[in-house]
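The values are calculated or read from the model by the stated rules, or taken from the named source; none is laboratory data. Keep in mind that this is a model prediction, so the values were computed, not measured. Note that we place each Cβ from the backbone using ideal geometry, even for glycine, and neighbour counts take in every protein chain shown.
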Amino acid sequence: MDTKEFQKRSLVSIFFSYFKPHKNLFILDMSCAFLIAVIDLSFPAITRYSLNKLIPINAYRTFIIIMVIMLIAYTLRAFFYYIITYYGHSFGVLVEADIRSDLFKHMQELSYGYFDKNRTGQLMSRLTADLFDITELAHHGPEDVFISTLTIIGSLGILFTIQWKLTLVIALILPIFLLVVWYRRSEMSKASLEVKEKTASININIESGLSGMKTAKAFANENSEFDKFSESNDAFKTSKTRFYKTMGYFNATMEFFLCILPATVILVGGILIMKGQMNQIDLITFTLYIATFITPIRKLSNFAELFATGGAGLVRFVDMMRTETEMKDGPNAIELGRVNGELDIENISFSYTKGIRVLHNISLHVDPGETIAVVGQSGGGKSTLCKLIPRFYDVDEGKILLDHVDIRSVSQESLHKNIGVVEQEIFLFADSILENIRYGRPDATPKEVAIAAKQAEIYDDIIAMSDGFNTFVGERGAMLSGGQKQRISIARIFLKNPPFLILDEATSSLDSVTEAKIQETFDSLIIGRTTFVIAHRLSTVRNADRILVFDSGNIIEDGNHECLMKKNGMYAELYKTQHISK
């Protein structure tokens, strides 16, 4: 289903749509549940028959045969419970996996800006805790309702044939019980939804706290971080306590009705016996059926709890799936082949927040293979422009053309395959060096990865490591130096071999010696590629074909180094300031 279908369909329809691919397991689960209910219903009836017909006439043979049959039936019942437990839970896991797969895929389709606004911990909560509750509902929900309904209705049907007056009393109590349970369930649903929101909040703080643990230690701010964690932990604790309070009311109500039922049977049954309208064997049978009621009623109450927690998880899942991405491929999106790298930016304007312009009527023409340096004060719009080229965001006005094709008319995947991005903050996956480099082209052979590593001048470092290309880099590349991480990111780009490059302050976090070495690698990387270089240190872009100077969302200067120095404008001032400071 796509986003539109999620928006149109009801929660129930969406929920059961995930059953369809695994319907055989579901049918097996329900069939075993049905047979269990039949066996449970048969025991009190067989007991009554034996007490009325067989025992009084000493029918040993028939009685023993019936008891052996019941023993076999209960053996089968145990086997059916094994099927329900194993295959039923397997069914739930498959449903959970499908839901998680759809959710993760949908997250991948969401726009770049969505992840600016939503924290990782919150998204993780939706992918883990919420889906576990949905799984429990998927497995136990239909099964519990089916067994309970069948057992209760079947029992009442049999009991009506024995003594309709006593059965009528039980039948009047049950609806009252179910209405009270349903009312308590709605309170539990609200409390459960609050718990999930607080769980997402605490996950955010845990993710942030763990990611920033080294920084906290460096600034001796452990107490401050613990206070932040404690605040969200206390909020979670309060919401969880409220949930258990509503659960306490629910369980107390349920236990009250479970005690009332057998007491009512004894009271009314005893009166009927004294009036001669019922015998003791029938009262025993009623008592056995009431005992049979207990498990279904508990299952219904369990379902109410599952419905509360799983329903809250389902609401959050569907809410996420109904979130539309701001960046969509058009219905007739073009698949770009390998581009030459000619770029035209025509009167574009852009704002992250409506009404607050970041870029103002920018126009620019770039020839294939040209190297463009983008410089200026922080907040001038340099990085924003370079995020618009690969269409991480859409322009508010104007258009961007790559090889004379509007980038909004092409598929984002084919656009991104043509553009390589090296950012200031390098992200390496907690995997081997081989897999991190191969991320540039997942189908690359080890030999091709090695060639890319040599081009990035990181090959010798890798070979010197104990496990070579299989060396584990640690969380976010923590086991490597800044220069090594940067060269691995460059090796990715060599392996990807895109015709268009964006280098977003890719060396600004390195020391000057390492930066100079990396710069040589960049010089070989950009040969034959259209390249945008965002730079803070102007000495690294002196040889660029053109230098664009940004200020307050406008290009105020455009030319090469010599030209801009002669102009003696903002670029010359920035360059002289940096040169003097050295």
Q. Across segment 1-58, what is the number of residues that are closer than 25 Å to residue 102 by Cα and among the aromatic types (Phe, Trp, Tyr)?
A. 6
Q. Are there any strands (runs of 3 or more DSSP E) wholly within segment 340-429 with 3 or more residues that are farther than 23 Å from residue 536 by Cα and in contact with a His (Cβ under 6 Å, 6 or more places away or on another chain), and if so which?
A. none
Q.
Which numbered condition in (1) part of a helix (DSSP H, G or I); (2) without any contact (Cβ under 8 Å) to a residue 60 or more places away in the chain is the only one that residue 493 fails?
A. (2)
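Within segment 461-498, track down each residue that is polar (S, T, N, Q) and within 30 Å of residue 415 (Cα to Cα). Walk me through how you get there before you give the answer.
Let us first name the residues in segment 461-498 that are polar (S, T, N, Q), namely 466, 470-471, 481, 484, 486, 489, 497.
Selection gives 484, 486, 489, 497.
Quick one: is residue 406 over 25 Å from the mean Cα position of the chain (by Cα), charged (D, E, K, R) and within 13 Å of residue 343 (Cβ to Cβ)? Steps first, please.
Values: over 25 Å from the mean Cα position of the chain (by Cα): yes; charged (D, E, K, R): yes; within 13 Å of residue 343 (Cβ to Cβ): yes.
Yes, satisfied.
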Q) How many residues are modelled with pLDDT under 90, surrounded by 14 or more Cβ atoms within 10 Å (Cβ to Cβ) and of a type outside the set (D, E, K, R) when one looks only at segment 509-530? A) 9
Q) Among 16, 26, which is the only one that is in contact (Cβ under 8 Å) with a residue 12 or more places away in the chain and in a helix (DSSP H, G or I)? A) 26
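Could you identify the single residue in 373, 333, 291 that is over 30 Å from residue 544 (Cα atoms) and either surrounded by 20 or more Cβ atoms within 10 Å (Cβ to Cβ) or under 34 Å from the mean Cα position of the chain (by Cα) (or both)?
Details: 373 fails: over 30 Å from residue 544 (Cα atoms); 291 fails: either surrounded by 20 or more Cβ atoms within 10 Å (Cβ to Cβ) or under 34 Å from the mean Cα position of the chain (by Cα) (or both).
Matching residue, one of 373, 333, 291: 333.
Tell me, which helices (runs of 4 or more DSSP H) wholly within segment 60-142 include 3 or more residues that are surrounded by 14 or more Cβ atoms within 10 Å (Cβ to Cβ), more than 17 Å from the chain's Cα centre (by Cα) and modelled with pLDDT of 90 or more?
Correct list: 60-83.
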Q.
Which residue is farthest from residue 296 (Cα to Cα), if the candidates are limited to segment 246-256 and must be surrounded by fewer than 16 Cβ atoms within 10 Å (Cβ to Cβ) and in contact (Cβ under 8 Å) with a residue 12 or more places away in the chain?
A. 249
Q: Those residues that are more than 30 Å from residue 195 (Cβ to Cβ) and among the basic types (Lys, Arg), I need them from segment 302-351; list them, please.
A: 328, 338
(Q) Pairs needed: first member in segment 166-185, closer than 20 Å to residue 266 by Cα; second member anywhere, at pLDDT 80 or above and not in a helix (DSSP H, G or I); C-beta distance under 8 Å; at least 6 residues apart or different chains. (A) 166/278
